[in-house]
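Beneath this line is the structure, given in structure tokens, with notes to follow.
Quick note: the coordinates plus some simple rules give every number you see, no bench work behind them. None of these values were measured; they are calculated from a predicted model. Glycine also receives a Cβ, built like all others from the backbone with ideal geometry; neighbour counts cover every protein chain displayed.
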Amino acid sequence: MKKHIIGGSGSGKSTLAEKFSREYAVPHYDLDDLQWNAADTYGKKRDAAERDALLDAILQHDDWIIEGVYYTWCTRCFEEADRIYLLSTPVSLCKCRIIRRFIRRKLGREAGKKETLRDLTALLRWTDKYQRENLPAIRKLLAAYPDKVVELRDPSDAERKMLQQKE
């Protein structure tokens, strides 16, 4: 089983990846862990060669679930995936989830990156850019894999779509 989940911040990628991982007993990987050098801070990217080597190591496994927003350096993931889930969650819902996650992290109720208010503001602005620019580019790229792509407006749609595909 090789699943790739792609979507913007707050779209539900991690939630869906964790669900699939538990349900199928397959490890899941967050592309942020490959892109960013330190798990607890923003803004320090890994060297592209190191990032690509980490991705290659994951792709060597027989089973994987990969989730992330990245697409320009993930062509091999798309080629090797059995199924690609494109999350096109409404931007208003993504922003609500981003803000909720920020608050939960600040209150110590959720583990994660040590974001500042400036980071939150930048992420909310980036979310608009993602919807306007990145999502259409991702759709165009994924058009090469019509038999693999399942587009979901919300991760909760995944089970319904999976059942339809089995029929």
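Here's how it looks for W36: its modeled amide H is under 5 Å from those of R46, which are all 5 or more places away or on a different chain. Is region 33-104 best put as rounded, prolate or oblate by its Cα gyration tensor, with a ≥ b ≥ c the root eigenvalues, rounded for a/c under 1.5, and otherwise prolate when a/b is larger than b/c, oblate when not? Since a/c reaches 1.5 but b/c is at least a/b, the shape of region 33-104 is classed as oblate. With a threshold of 25 Å on the Cα-Cα distance, the over-threshold entries among K114/K148; K19/K140; K2/K129; K114/K140; K45/K148; K13/K140 are K114/K148; K19/K140; K2/K129; K114/K140; K45/K148.
How long is the gain from M1 to K129 if the chain were fully straight, where each residue apart is worth 0.36 nm and the alpha carbon distance is subtracted? Display every interim value, and only then the final one.
Values: separation 128, 0.36 × 128 = 46.08 nm, distance 3.20 nm.
Extra length from M1 to K129 when fully extended: 42.9 nm.
A compact globular protein would have a Cα radius of gyration near 2.2 N^0.38 Å; the ratio found for region 1-79 is 1.05.
Using a simple spin-label model with pseudo-atoms 7 Å out from Cα toward Cβ, A111 and R153 lie 3.5 nm apart. Report summary: the helix-based calculation at 222 nm, which adds -39500 (n - 2.57) for every DSSP H run with n ≥ 4 and divides by the residues of the chain, gives -14500 deg cm²/dmol.
Compute for the chain: radius of gyration divided by Kirkwood radius, i.e. Rg/Rh, restricted to C-alpha atoms, rounded to two decimals. Don't skip to the end; give the middle numbers.
Numbers: Rg = 15.6 Å, Rh = 16.5 Å.
Answer for the chain: 0.94.
Here the label points at L59 and D33, each 7 Å from Cα along the C-beta direction, are separated by 1.8 nm in the simple model.
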